[in-house]
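Derivation of every value follows stated rules applied to the coordinates shown; laboratory data play no part. This is a predicted model, so every value here is computed, not measured. Counting neighbours? That spans all protein chains shown, and the Cβs are built from the backbone with ideal geometry, glycine included.
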Amino acid sequence: MAQPAISILAVDDEESFLEIVSTLLQQEEYAVETASDGVAAINKLQTKAYDLVLLDMKMPRVDGMEVFKFIKDRYLDTQVIMLTGVADIKRAVECMQMGAYTYLTKPHPSEELLATIDRALERKRLSIENKALKSELARHALSSELVGNSKEFLEVIKLCSKVAPTDSAVLIQGPSGTGKELIASFLHKNSLHKDNPFVALNCASIPETLIESEMFGHEKGAFTDAIATKQGLVEIANGGTLFLDEIGEISIMMQPKLLRFLQTGEYRRVGGNKNLHADVRIISATNKDLRTEVAQTKFREDLLYRLNVITLYLPSLKDRKEDIPLLVDHFLKKRVRTKEPLRIDPKALDLLTKYDWPGNIRELENVIERAAILCQNNIIRIDDLALPIGMRPLGEHRSGSHAGSVIGSAVPMRDVEKMHIEGVLKTVGWNKNMAAKILGISLKTLYTKIQQYNLAKE
């Protein structure tokens, strides 16, 4: 079935202008109707919703402002481009503040008009698409921890909603701190196994010699400290979901055993000789490019194929900055417990949206928690934000501040690096693993820098 033509209503009291615009738009295969004054426009709008309205500001009887208000009261998705003379620009801007897409001053080239119409229609398409995604989101039990309204975030949730009810293995890829475990939990809560356990294992936090015992369990006496038989996480998660976080860190020696379990559901406890069986759904996550790891023989290709039947890609926070105000509000309400509600100064919030957040949501959460502790009168200001040097406007720092302060004169790079590392360490409560990820350096390098700069936890 052919798609209906995009409908445009052109409203102007100049008949010659309407004729020119109608011809131009019809050549572009738009369905065009015209109205020569505001009353005629409202009469047409009472019987039909248009995709876009070209609306003259200044008309007799009923002017463009009144017609615009009529449109916005009834048709939220209709895009409006105001047409104005120089004298009426102020009122056209008022319409933009109320929701008009933009304004064009007369006269304007045909190319500019067509390009503006294209952008306005794209805005409408994205608006409708976002509403569809939100509707999809509303049909599923979204975890209260998942916060976001951006197109990128809603696209992930839409795909999650389709994948969740299946038993397929899912690989979640994305930078550290983007909420991969929350997505895994969402998949479980909306799966057929939601009433059974959700068990998480961070493959990077378990020593290579113990990860097999942690995953599959061990028998009494299997090794020196095995004083009793221990269940593995696959056994605990039986019937539910096993989430393998940082799967890219699993050793090459452990990978064949995990592959065998994925293929057969069978495993043996360390030190045991009996085959056991567990029925679990595997969800894994990584911030590494596993295909590169395969090429470097650090990861088995057959294991990768087993893990990534479905792959989800989580965007960095810098790619969904419109979600930052929502996340800040969430952290202030859910994470920070104070007698009086906390607020954030608009300048501070603006600064947060300009920062690129290499540590992603985890870094934002830490910055907000620290700021909530340091702020005065329950208002978070720029002074309270521990952000890297260069982020603050000049004159917006308090004396004695460390991370995030702006130096008015030249400062040696050594001192800049020292202050930045110290600020990040304080922000994350001296969690060195997290600080290294935020700084983009290895843990070994971080320890070297701490020693080099004689940094110590206060």
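Its relative contact order, with pairs defined as Cα atoms under 8 Å and 6+ residues apart, puts the chain at 10 percent.
Note the listed values (i) 99, 97, 42; (ii) 73, 58, 49; (iii) 94, 64, 47, then indicate which one is Cα extents along the principal axes in Å calculated from this particular structure. Structure-derived value, by its label: (iii). For residue 333, a cut-off of 20 angstrom between C-alpha atoms picks up these aspartates and glutamates, skipping any fewer than 8 places away in its own chain: 145, 322, 323, 345, 350, 363, 365, 369, 384. By DSSP, the beta bridges lying fully in the chain are antiparallel in about 10 percent of cases. Summarising the amide proton neighbourhood of residue 172: residues at separation of 5 or more, or on other chains, whose placed amide H is nearer than 5 Å comprise 284, 285, 286, 312. Around the Cα centre of the chain, unit charges on the Cβ atoms of Lys, Arg, Asp and Glu (plus for the first two, minus for the last two) sum to a dipole of about 1880 debye. Amide hydrogen proximity for residue 241: with H placed 1.01 Å from N in the peptide plane, the residues at 5 or more positions away or on another chain lying under 5 Å are 198, 199, 281. The phi torsions of the range 52-61, fed into the Karplus equation with coefficients 6.51, -1.76 and 1.60 and a -60° offset, translate into couplings of 8, 10, 8, 10, 5, 6, 10, 9, x, 6 Hz, rounded to whole numbers, with Gly and Pro shown as x. Placing unit charges on each Cβ (+1 for Lys and Arg, -1 for Asp and Glu) gives the range 224-330 a dipole about its Cα centre, and among 263, 227, 273 the Cα reaching farthest toward its positive end belongs to 273.
With θ taken as phi - 60° and the Karplus curve 6.51 cos²θ - 1.76 cosθ + 1.60 applied, the whole-hertz 3J(HN,Hα) list for the range 90-103 is 4, 6, 5, 5, 4, 5, 4, 5, 8, x, 5, 5, 6, 9 Hz, x standing for glycine and proline. 3J(HN,Hα) couplings calculated from phi for the range 216-224 with the Karplus curve 6.51 cos²θ - 1.76 cosθ + 1.60 (θ = phi - 60°) are, in sequence order, 10, x, 8, 8, 4, x, 5, 8, 3 Hz; Gly and Pro show x.
Any idea what angle helix 110-138 forms with the longest principal axis of the chain, computed on alpha-carbon atoms, 0 to 90 degrees, nearest 10? Once rounded, the angle reads 50 degrees. Using C-alpha pairs under 8 Å with a sequence gap of at least 6, the mean separation divided by the residue count of the range 260-386 gives a relative contact order of 19 percent.
For residue 257, a cut-off of 16 angstrom between C-alpha atoms picks up these lysines, skipping any fewer than 8 places away in its own chain: 274, 298. The distance from the alpha carbon centre of the range 64-104 to that of the range 185-212 is 52 Å, rounded to a whole number.
Among the listed pairs 162/194; 318/437; 151/288; 318/457; 158/334; 44/72, those whose Cα-Cα separation exceeds 18 Å are 151/288; 318/457; 158/334. Neighbour counts of other Cβ atoms within 10 Å put 185, 110 in the fewest-to-most order 110, 185. Annotation: amide H-H contacts under 5 Å for residue 217 (H modelled 1.01 Å from N, sequence separation of 5 or more, or interchain): 232, 233, 270.
For the range 156-307, a simple Cβ point-charge model (Lys and Arg +1, Asp and Glu -1, everything else neutral) yields a dipole of about 320 debye relative to the Cα centre. Note on the range 7-130: Kirkwood radius taken over Cα pairs, Stokes-Einstein applied at 10 °C and 1.306 mPa s, translational D equal to 112 µm² s⁻¹. Helical content alone sets the calculated 222 nm signal of the chain at -12500 deg cm²/dmol, taking -39,500 (n - 2.57) per DSSP H segment of four or more residues and averaging over every residue.
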